[in-house]
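Here it is, the structure, as structure tokens.
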Amino acid sequence: MTDSPRERVARVQEAMAAAAARAGRSPEEVRLVAVSKTFPAAAIEAVHREGVADFGENRVQEAEEKAPRLPDAIRWHLVGHLQGNKAARAVRRFAWIHSIDSPELARRVERAAAEAGRTVDGLVQVDLAGEETKFGLAPEALPALLAEAARFGALRLRGLMLLPPFQADPEEVRPFFVRLRRLAESLQGQGLLGAAGRVELSMGMSHDYRVAVEEGATIVRVGTAIFGGRG
Ligand SMILES: *Cc1c(COP(=O)(O)O)cnc(C)c1O
């Protein structure tokens, strides 16, 4: 691709705004997280200069390597699986952890953040497809985790995250987005989500973020549409 970071960022932001408008939502309700895994610090800096403040990485070590060379104003999001033994490192580097996928991990992140004197925003990664091979918590396990996390002081569980099975046609993913939104609404209705303000829904990637915004995403995680091909 020969287009510039400026053109790619503008194109994604315009498409997000158009999708929000189609759903009667305000574009300010949706945050763009540019997923920068595998891309060098220079590419991240170029996108940051276009006004993008949130960047996502899927490995703790990769973020630790790149972040010190980049502006402090960047907010880092961990979007990939987190091993419990890396919780202490994760809470030092990331403002948001999208991949809380077990009660044990939630407790370890809570403990690590408390020990580091930090607060971390977290999302519970949900497995809606029953995929044994993938990370994510079964919907039935959410109420117990959220009830326990209501007593946490350092990890704030703000909503849900979805990494659906890959479908070439984004319309095939729409039912998963709808299910995640309804699940969040139900949990909010039970008083288990939303105590800290609005409920966050992290869903939608390069090929399906428009559909995700139409269905209520508050955070989209967009990599290749922002940075170009991953090669
Ligand atoms: C890589 C990744 C993304 C972004 O994927 P693209 O197809 O490049 O937009 C989003 N979420 C997670 C969890 C990822 O690992």
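The values are calculated or read from the model by the stated rules, or taken from the named source; none is laboratory data. Just so it is clear, the model here is predicted, and its values are computed rather than measured. Heads up, the Cβs are rebuilt from the backbone with ideal geometry, glycines too, and the neighbour counts pull from every protein chain shown.
I'm trying to understand the selection: among the residues of the stretch 187-198, which are assigned to a helix (DSSP H, G or I), within 16 Å of Leu123 (Cα to Cα) and without any contact (Cβ under 8 Å) to a residue 40 or more places away in the chain?
Gln188
Looking at the stretch 96-112, which of its residues are more than 16 Å from the ligand (Cβ to nearest atom), closer than 18 Å to Glu57 by Cβ and among the small types (Gly, Ala, Ser)? Before you say what the answer is, go through the steps one by one.
First, the residues of the stretch 96-112 that are more than 16 Å from the ligand (Cβ to nearest atom): 102-104, 106-112.
Restricting the remaining residues to those that are closer than 18 Å to Glu57 by Cβ gives 109, 112.
Answer for the stretch 96-112, where residues must be more than 16 Å from the ligand (Cβ to nearest atom), closer than 18 Å to Glu57 by Cβ and among the small types (Gly, Ala, Ser): just Ala112.
Which members of the stretch 31-51 meet the condition of being more than 15 Å from the ligand (Cβ to nearest atom) and in contact (Cβ under 8 Å) with a residue 24 or more places away in the chain?
Of the residues in the stretch 31-51, the ones more than 15 Å from the ligand (Cβ to nearest atom) are 40-42, 45-46, 48-51.
Once the filter is applied, which keeps residues that are more than 15 Å from the ligand (Cβ to nearest atom) and in contact (Cβ under 8 Å) with a residue 24 or more places away in the chain, the stretch 31-51 yields Pro40, Ala41, Glu45, Ala46, His48, Arg49, Glu50, Gly51.
Still on this structure, please answer the following. Just one of Val60, Val79 is buried (at least 18 other Cβ atoms within 10 Å of the Cβ), within 16 Å of the ligand (Cβ to nearest atom) and farther than 23 Å from Glu28 by Cα; which is it?
Working: Val79 fails: farther than 23 Å from Glu28 by Cα.
Checking each option against the conditions leaves just Val60.
Taking Ala73 as the residue in question, decide whether it is in a helix (DSSP H, G or I) and hydrophobic (A, V, I, L, M, F, W, C).
Values: in a helix (DSSP H, G or I): no; hydrophobic (A, V, I, L, M, F, W, C): yes.
No: the conditions fail for Ala73.
Next up: Note down all Cβ pairs under 7 Å where the first residue falls in the stretch 210-231 and is in a loop (DSSP other than H, G, I, E, B), the second is near the ligand (Cβ under 10 Å from one of its atoms) and β-branched (Val, Ile, Thr), and they're at least six residues apart or on different chains.
Gly223/Val35; Arg230/Thr38; Arg230/Thr224
Results for (1) within 12 Å of the ligand (Cβ to nearest atom); (2) aromatic (Phe, Trp, Tyr); (3) over 19 Å from the mean Cα position of the chain (by Cα); (4) at pLDDT 95 or above, shown as yes or no for each residue.
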{"site": "Pro165", "(1), (2), (3), (4)": "no, no, no, no"}
{"site": "Phe176", "(1), (2), (3), (4)": "no, yes, no, yes"}
{"site": "Gly189", "(1), (2), (3), (4)": "no, no, yes, yes"}
{"site": "Leu201", "(1), (2), (3), (4)": "no, no, no, yes"}
{"site": "Tyr209", "(1), (2), (3), (4)": "yes, yes, no, yes"}
{"site": "Ala212", "(1), (2), (3), (4)": "yes, no, no, yes"}
{"site": "Thr218", "(1), (2), (3), (4)": "no, no, no, yes"}
{"site": "Gly223", "(1), (2), (3), (4)": "yes, no, no, yes"}
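Within the set of pairs 6+ apart or on separate chains, which have a first residue in the stretch 1-28 that is within 12 Å of Glu50 (Cα to Cα), a second that is modelled with pLDDT of 95 or more and assigned to a loop (DSSP other than H, G, I, E, B), and C-beta atoms under 7 Å apart?
Between residues of the stretch 1-28 that are within 12 Å of Glu50 (Cα to Cα) and residues that are modelled with pLDDT of 95 or more and assigned to a loop (DSSP other than H, G, I, E, B), the close pairs are Pro5/Glu50; Arg6/Glu50; Val9/Glu50; Val9/Val52.
Quick check on the stretch 25-51: of everything there that is within 15 Å of the chain's Cα centre (by Cα) and part of a loop (DSSP other than H, G, I, E, B), which residue is surrounded by the fewest Cβ atoms within 10 Å (Cβ to Cβ)?
Taking the candidates together, the pick is Lys37.
Let me ask another. Which of the residues spanning the stretch 52-69 are in a loop (DSSP other than H, G, I, E, B) and either touching a residue at least 60 places away in the same chain (Cβ under 8 Å) or touching a His at 6+ places or on another chain (Cβ under 8 Å) (or both)? Outline the logic, then answer.
In the first step, residues of the stretch 52-69 are kept if they are in a loop (DSSP other than H, G, I, E, B); the result is 52-53, 58-59.
Correct list: Val52, Asn58.
Exactly one of (1) touching a residue at least 12 places away in the same chain (Cβ under 8 Å); (2) surrounded by fewer than 15 Cβ atoms within 10 Å (Cβ to Cβ); (3) charged (D, E, K, R) is unmet by Asp72. Its number?
(1)
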